[in-house]
Amino acid sequence: MSHLIAPSVLSADFANIQRDVEMINGSKADWFHIDVMDGVFVPNISFGFPVIKAIKKHAKKPMDVHLMIVDPDRYLSAFKEAGADVLTVHLEACTHLHRTVQAIKALGMKAGVAINPHTSVNLLEDVIADIDLVCMMSVNPGFGGQKFIENTYNKCHQLHQIIVTKKSKAKIEIDGGVDLQNAGKLIKAGADVLVAGNTVFGSKDPVKTISELKNIH
């Protein structure tokens, strides 16, 4: 299977959000990646339900919603209603991770678990067979445009081994600092989904950049 590209809407132009959504629709991108931040779990606040619903109205591709929030369990059904197809919660924010994952799946969404750069992939061993996606943060979460953390390649390789050993179907998603220079190396390390924000939206020709990311082997 070819890897998936998920442009991060956090880097879009919010004054022209419909235009940027339609650009992604018309590109070779596979998913919309939508970061939700609460200013508590991470030191930034992004958008909430009205913006997600507005994106959903125009989006023709699955919406991959990444919750960087405390107590995500309170909002699972609201994110389903807003249009999430994949819902990812942070391991560090969930006391009862297995229960949260089951609740996401019961609502009819794919369940993802995200881990911060300092969190060991071994902590996913007990839940890896139950989840559809691991979102591995390759920058410290909270802000776009940060420098890629090099240790991500090792973690990606380790996680791939755990997935194989546990016979899991989980995809590995890399989020943060992904660009045309490191994308190929990430795919070789086992990445299945690449989230790209500034690389896409900071490009003179975002559609061409998405195509280039998609065509890397």
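If the requirement is being farther than 19 Å from Asp192 by Cβ, modelled with pLDDT of 95 or more and in contact with a Leu (Cβ under 6 Å, 6 or more places away or on another chain), which of these qualifies: Val21, Val70, Val65, Val36? It would help to see each step written out before you state the result.
Values: Val21 fails: in contact with a Leu (Cβ under 6 Å, 6 or more places away or on another chain); Val70 fails: in contact with a Leu (Cβ under 6 Å, 6 or more places away or on another chain); Val65 fails: farther than 19 Å from Asp192 by Cβ.
Just one listed residue meets the conditions, Val36.
Looking at (1) outside any strand (DSSP E or B); (2) modelled with pLDDT of 95 or more, can you tell me which one Ala111 breaks?
Ala111 satisfies every listed condition except (1).
Identify, from the list Met68, Met63, Met23, the residue that is within 15 Å of the chain's Cα centre (by Cα), more than 15 Å from Asp85 (Cα to Cα) and either surrounded by 22 or more Cβ atoms within 10 Å (Cβ to Cβ) or in contact (Cβ under 8 Å) with a residue 12 or more places away in the chain (or both).
Met68
Any residue in the stretch 163-192 that's over 14 Å from Asp130 (Cα atoms): show its pairings with residues that are in a loop (DSSP other than H, G, I, E, B) and of a type in the set (Phe, Trp, Tyr) at Cβ separation under 7 Å, as long as the two are six or more apart or on different chains.
These pairs meet every condition: Gly176/Phe148; Gly177/Phe148; Asn182/Phe148.
Look through Val101, Val89 and report the one residue that is surrounded by 15 or more Cβ atoms within 10 Å (Cβ to Cβ), touching a residue at least 24 places away in the same chain (Cβ under 8 Å), part of a helix (DSSP H, G or I) and not hydroxyl-bearing (Ser, Thr, Tyr).
Within the list Val101, Val89, the selection yields Val101.
Quick check on my filter: what residues within the stretch 178-201 are modelled with pLDDT under 95 and either surrounded by fewer than 21 Cβ atoms within 10 Å (Cβ to Cβ) or at positive phi (or both)?
Within the stretch 178-201, Asn198 is the sole residue that qualifies.
The values are calculated or read from the model by the stated rules, or taken from the named source; none is laboratory data. For clarity, every value in this text was computed on a predicted model and none was experimentally measured. FYI the Cβ positions are ideal-geometry reconstructions off the backbone, even for glycines, and counts take in every protein chain you see.
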